[in-house]
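Data block below; observations after.
The values are calculated or read from the model by the stated rules, or taken from the named source; none is laboratory data. The shown structure was predicted, so the numbers you read here are calculated from the model rather than taken from an experiment. All Cβ positions, even for glycine, are placed from backbone atoms using ideal geometry, and neighbour counts span all protein chains on display. In case anyone asks, the SASA skips ligands and DNA or RNA and just uses the protein heavy atoms, side chains included. Shrake-Rupley method; radii C 1.70, N 1.55, O 1.52, S 1.80 Å.
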Amino acid sequence: MSVPRGLTGQAEITGDLNLACDAVIVGSGAGGATVAAELAEAGMDVIVLEEGGYHPTESFTAETGRALRTLYRDGGGGMAIGRPSVLYAEGRCVGGSTVVNGGMSWRTPARVLDRWAEQDGIKAIREKDLDPYFTEIESRLSVGRQDPETIGRDSELFKAGADAKGWNIVPNQRNQLHCAGTNSCTSGCPTGAKRSMLVTSVPRALSLGARLFADCRVDRVTRSGPAVTGVTGHVARPGGRTGPKITVRAGTVIVAGGAIQTPALLLRSGLRSVSGQLGRNLSLHPNAMVTAFFDEDVSGWHGVHQAFQIREFMAEGLLLTAVNLPPTMLAGILPAYGRELGALMADYNRIVTAGPLVTDTGTGRIRNVPGLGPQVFYRLTDSDAARMVRGVELTADALFAAGARRVLLPFDGAPEIRSPAEMRRLLARPVPKRSMQLYSIHLMGTARMSEDPRRGVTGSFGEFHGVSGLVVADASLFPGPVGMNPMETVIALAMRNAQRLIERLPS
């Protein structure tokens, strides 16, 4: 396996490291890699520390188990504790979650940006301010629609159902360049067509002189009085063993570990926010999965991960999508065991999975628990639960309209249903929140921006209120949920905030 120049993995580190640079960046995902490339291009000496390992494109296969072990934190099995609990997944590798997401690339809705500006006084955040960044992102990452021949039968059926209902459905925008349509996004793109940070901003940053250390966990942000001085951490050896110590001295620290790991790092570093919001205000776009069985072969492994989105119900905070899952992932969420599960999985090639994404109004929080690390707690509100039920019903309606013969709902104890009328009779009774099977891949808000230090953890450009030199560059900055895929928002904010840092460099 070839390793790019400037990238060092754990095997090459044999003793303690004492390093110095202008800016140290924690995390190499959408935010961290973007900031690294921008600062390196401006001539800054940049070091990136990534807790996960380096896995190049040629190492990716369709083996889900291997991907879960190597590319995800905790095998993709995180859980936000609540009623109901919500499963979530975080990428942990060079390139972060962009390596394992579906590549959906959408600009932040103008109404969301306006709300952030008006409610939190955030500067330079409206559509006209971010438009140049979105334009540059979409050019660099080859954002566009799929080639028609890569749209699979599962997506075609989903669109047919929406069309039959007369609903607004749009082709997906994805950061891809002639995607082959192998539906391998969540296991790492084996062709490099998905323009993740692994194949874009990371190599760009390295070519401009940045240094990246993989398999390096940051334990603390260090300070002297009100200013940061760098970070300390250690090399993560295979099997979870602790390797040599790492000390990086830097006048600027950019934390981009995501909405769970960023507040966890800041809290264990002894940092506190006057607002009391550090680690709070967690939004996670709860999702649920409807499983539909058709008479025809669907072969969900053939075709892009997600080709369309139903936008008909956006005003209600509902976005409906179809995303066929690999067999091992699907088997893990089906409400069956033993022979019953085997019988369901025998029909895998005739299954379409789809579901709603809810723009949540409830929030959660992150707490560091000694011996366990960051623990996530989340409360699904009654109104969000009601919208989830409606989203599930609408999704099933579309699938029945497309020709589904039977459908499984994501509610514990719910029987198999065979018609919309049967579903309505079932859902006429209240659905207990505790019965809902929910998951999330969009985690945001735990270091929220606001110009008012009493309301937010960070200012308009990600600067931590009251701590000089400390900047946040990931989805934890969001003052609230964006209602759609957040990756492009993260990258745009990272570019914008990096530009502010560059403008303030001494001439």
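At-a-glance table
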| quantity | calculated |
| --- | --- |
| Stretch gain in nm, segment residue 505-residue 377, where the contour uses 0.36 nm per residue and the Cα spacing is subtracted | 42.1 nm |
| Phi to ³J(HN,Hα) by Karplus 6.51 cos²θ - 1.76 cosθ + 1.60 over segment 280-296, Hz, x for Gly, Pro | 9, 6, 6, 10, 9, 6, x, 10, 9, 10, 9, 10, 10, 10, 10, 7, 9 |
| Extent along principal axes [Cα atoms of segment 246-350; Å; largest to smallest] | 61, 39, 25 |
| Largest-first ellipsoid semi-axes for segment 140-183, taking √(5λ) over the Cα gyration tensor eigenvalues, angstrom | 22, 13, 6 |
| Whichever aspartates and glutamates have a C-alpha closer than 19 Å to that of residue 245, once near sequence neighbours (fewer than 8 apart) are set aside | 12, 16, 50, 51, 215, 219 |
| Percent of beta bridges antiparallel (DSSP, the chain, rounded to nearest 5) | 65 |
| Separation in nanometres of the label points that stand 7 Å from Cα toward Cβ, at residue 12 and residue 424 | 6.4 |
| √(5λ) per eigenvalue of the Cα gyration tensor, segment 376-444, largest first, Å | 23, 14, 11 |
| Surface accessible to a 1.4 Å probe, residue 127 within the full protein complex, Å² | 110 |
| Angle between the chain longest axis and helix 258-268 axis [Cα atoms, degrees, rounded to 10] | 40 |
| Euclidean distance of C-alpha centroids, segment 180-243 and segment 1-63, integer Å | 5 |
| Sites residue 369 and residue 232 - FRET efficiency at Förster radius 22 Å, r taken between beta-carbons, to 0.05 | 0.55 |
| About the Cα centre, charge dipole magnitude for the chain (Lys/Arg +1, Asp/Glu -1 at Cβ), debye | 1200 |
| Residue-averaged [θ]222 nm for the chain, counting only DSSP H segments that reach four residues, each worth -39500 (n - 2.57) | -8000 deg cm²/dmol |
| Average accessible surface area per residue within the chain, 1.4 Å rolling probe, Å² | 39 |
| Per-bin percent of Cα-Cα distances, segment 41-99 [10 Å] | 20, 40, 24, 13, 2 |
| Sequence-separation-based contact order of segment 1-152, relative, with Cα cut under 8 Å and 6+ spacing, percent | 16 |
| Lysines whose Cα lies under 30 Å from that of residue 128, excluding same-chain neighbours fewer than 8 positions away | 194 |
| Between segment 466-500 and segment 292-322, the Cα center-to-center distance that results, in Å | 29 |
| Calculated log₁₀ intensity ratio I(q)/I(0) where the Debye formula runs over C-alpha points of the chain, q = 0.07 Å⁻¹ | -0.36 |
| Cα-derived Rg to Rh of segment 455-497, Kirkwood definition | 0.97 |
| Relative contact order of the chain, defined on C-alpha pairs under 8 angstrom at six or more residues apart (%) | 23 |
| Cα lying deepest toward the dipole's positive end in segment 15-145, options 96, 49, 110, charges on Cβ | 110 |
| Accessible area of the chain belonging to carbon and sulfur atoms, whole % at 1.4 Å probe | 50 |
| Loop-resident sites, segment 119-217, for trypsin sites (Lys or Arg not before Pro), counting at most 16 other Cβ within 10 Å (DSSP) | 123, 126, 145 |
| Convex hull (Cα only) mean projected area of segment 94-232, reported in nm² to one decimal | 12.9 |
| Rounded to the nearest 10 Å², the accessible area of residue 500 at probe 1.4 Å | 70 |
